[in-house]
Amino acid sequence: MTSHHPPRPLPPARTRHALAACTALLLGATAAACADPAEDRTAASRTPAASSATPATGGTAHPAAPEASASPRGERGFTLVATGDVLPHDSIIRRARADAVGEGYDFAPMLAGVRPVISGADVAICHMETIYGADGDYTGYPAFKSPPEVAAGLRATGYDSCSTASNHTLDDGVEGVTRTLDALDRAGVEHAGSARTEREARTPAWLTGGTAKVAHLAYTFGTNVNPLPEDMQWAVNPMEPELITRDARAARAAGADVVVVSLHWGTEWQEEPDEDQLAVGEQLTALRTGDRPDIDLIIGTHAHVPQAYEKVNGTWIVYGMGDQIAGDMMNYDGEWDARGNEGSIARFTFRPPVRPGTRWEVDKAEFLPQWFDTGRGRVVDLTTSRAADGTEPAEVRERVRETVLSRGAAKDGLTMAR
């Protein structure tokens, strides 16, 4: 299968209408990275060092979320967690069907291994990369249509909001967008990045952490070969710095104490952030209104492998968290690549501002390595897991750790939760 790198993000001067013209030129942008070709393969774990990992039971303390601080004014801090791409291939859909009791699909068992971390946070954000189908018409790669029960599984795990802007958002046109957002609404999960109306497109997902009002915004580099309808250019948010700036400042003006931006960006299978990620990250973290940054946190998805964390202009950027749920991933060489089922959970603890109207600072920055065991169809928290022989899947955890810290984030206080 031939694959192509994703397009570069749109430069600041481009208009939103350019997204449709740009994406029409992307031939094969869904790439082999999204493929799960060995659908009939015997389900066996593919990562040597973690082949029989199971969640820890008894005797192992789960890494608890740090206790949020309070201010003399009675303001309370909060913890925020974020995770990578939820990408249900055909094998994932079959697993959810098998996990369901009776009819339908159940995605909660897949995520049970990280539920304590997700539900233990004050604010939890996921990335719903695919759209939802209907009436049993569910497909994996290349045009994804996932069962709407994914939304209920995310909510059961503890997620409060999901970014929905990705290169697959228009895999089934605006009908798919509508079905997806309707299902998330029914499940009680907020969403940002795609919209059913122009007003919705300009409205953040509003969340509450401690006493803080949190605005969640989301954008994507493009939508593959699927152009936006001429009369609905707002259906998916393009990653245009000018648009992001406007939305972030509008959210702050509407009362946001903390502004979080999800970006679907980067180069697939590349652990290092590419030039555009670095340039856009630098530009967005430099935005200020007065002495206060316009954006407080950037969380990235799309590369299908873990990428680095970095503090830029005083603001944390997670360039890429890797995949959270996906089938066996094939890279650009058509080969199975273990990194496609590895990822990190980002966890940030925000403390109240020293003075009213100033920034909510990150008091503690952490990451938790995770892995999707395709043989068992389960997300594994690598901070607490043990293999059948009692050993820890150290190889996978160490690979994630090295990548996450590869741009010197440790010197700015980022630690791996234990």
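The values are calculated or read from the model by the stated rules, or taken from the named source; none is laboratory data. These numbers come from a predicted model, not from an experiment. With ideal geometry, Cβ positions are generated from the backbone for all residues, glycine too; neighbour counts draw on all protein chains shown.
Below, the figures for the structure above:
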read-out	value
Tally of residues being more than 24 Å from Thr223 (Cβ to Cβ) and either buried (at least 21 other Cβ atoms within 10 Å of the Cβ) or touching a residue at least 24 places away in the same chain (Cβ under 8 Å) (or both) across region 290-299	6
Complete set of residues in region 343-359 that are over 22 Å from the mean Cα position of the chain (by Cα) and either at negative phi or crowded, with 22+ Cβ neighbours inside 10 Å (or both)	Arg351, Pro352, Pro353, Val354, Arg355, Pro356, Thr358, Arg359
Strands (runs of 3 or more DSSP E) wholly inside region 68-166 that include at least 3 residues being within 20 Å of Asp182 (Cα to Cα)	123-128, 161-163
Pairs where the first residue, in region 125-145, is at positive phi and the second is buried (at least 17 other Cβ atoms within 10 Å of the Cβ), C-beta under 9 Å, 6+ apart	Gly136/Pro147
Some residue of region 282-289 being surrounded by fewer than 24 Cβ atoms within 10 Å (Cβ to Cβ), within 19 Å of the chain's Cα centre (by Cα) and either more than 16 Å from Phe348 (Cβ to Cβ) or modelled with pLDDT under 95 (or both)	yes
Scan of region 334-359 for residues that are over 22 Å from Thr384 (Cα atoms) and touching a Phe, Trp or Tyr at 6+ places or on another chain (Cβ under 9 Å), ordered by number	Asp337, Phe350, Arg351, Pro352, Pro353
Selection status of Asn226, in contact (Cβ under 8 Å) with a residue 60 or more places away in the chain, of a type outside the set (Lys, Arg), out of contact with any helix residue (DSSP H, G or I) (no Cβ under 6 Å at 6 or more places or on another chain) and more than 29 Å from Val362 (Cα to Cα)	yes
Out of Leu87, Leu111, Leu80, sole residue that is crowded, with 16+ Cβ neighbours inside 10 Å, modelled with pLDDT of 95 or more and over 28 Å from Ala212 (Cα atoms)	Leu87
Filter result (among the β-branched types (Val, Ile, Thr) and farther than 20 Å from Leu111 by Cα) within region 322-373	Thr349, Val354, Thr358, Val362
Number of the condition not met by Ala108 [criteria: (1) more than 28 Å from Thr267 (Cα to Cα); (2) among the aliphatic types (A, V, I, L, M); (3) in contact with a strand residue (DSSP E or B) (Cβ under 7 Å, 6 or more places away or on another chain)]	(3)
Pair list, Cβ < 9 Å and 6+ apart or interchain, from region 248-273 residues that are more than 22 Å from Arg199 (Cα to Cα) to residues that are part of a helix (DSSP H, G or I) and among the polar types (S, T, N, Q)	Trp265/Gln277; Gly266/Gln277; Thr267/Gln277; Glu271/Thr403; Glu272/Thr403
Residue that is surrounded by the most Cβ atoms within 10 Å (Cβ to Cβ), among those in region 223-245 that are closer than 18 Å to Thr178 by Cα and of a type in the set (A, V, I, L, M)	Val236
